[in-house]
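What follows draws every value from the coordinates through simple rules; no lab data is involved. Since we're looking at a predicted model, the values are computed, not measured. All Cβ positions, glycine included, derive from the backbone under ideal geometry; neighbour counts span all protein chains shown.
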């Protein structure tokens, strides 16, 4: 799983430390996954961040069928630099997590 995660992070141009921090994990925690399996909620958070299935991260699927947010929402980012495209993807991921948390909060109030 660690190797797939590293590959996805490299494709997005994000370090594993930055990924961990952006997901609210301890900065170096993902490196520990080389030896210790993470909890399912952490696997799910990473899968959501990269828009892949947990099965892909766990090696049960061979194709990530990875689509960027720009591809999924059909946003033309051709005029953006690679750095700006990564920033766009990170902002969309953050917004997605925010919306999901709002929905969960509304659901828990019912």
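Tabulated data
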| item | result |
| --- | --- |
| Matching residues, the stretch 45-59, being more than 10 Å from the chain's Cα centre (by Cα), closer than 26 Å to residue 88 by Cβ and not in a helix (DSSP H, G or I) | 53 |
| Within the stretch 76-110, considering residues that are surrounded by 11 or more Cβ atoms within 10 Å (Cβ to Cβ) and more than 19 Å from the chain's Cα centre (by Cα), the one farthest from residue 48 (Cα to Cα) | 80 |
| The lone exception for residue 87 - which of (1) touching a helix residue (DSSP H, G or I) at 6+ places or on another chain (Cβ under 9 Å); (2) free of Cβ contacts under 8 Å to residues at least 60 places away in the same chain; (3) farther than 18 Å from residue 41 by Cβ; (4) in a helix (DSSP H, G or I) it fails | (1) |
| Within the stretch 16-44, tally of residues that are assigned to a loop (DSSP other than H, G, I, E, B) and surrounded by 14 or more Cβ atoms within 10 Å (Cβ to Cβ) | 3 |
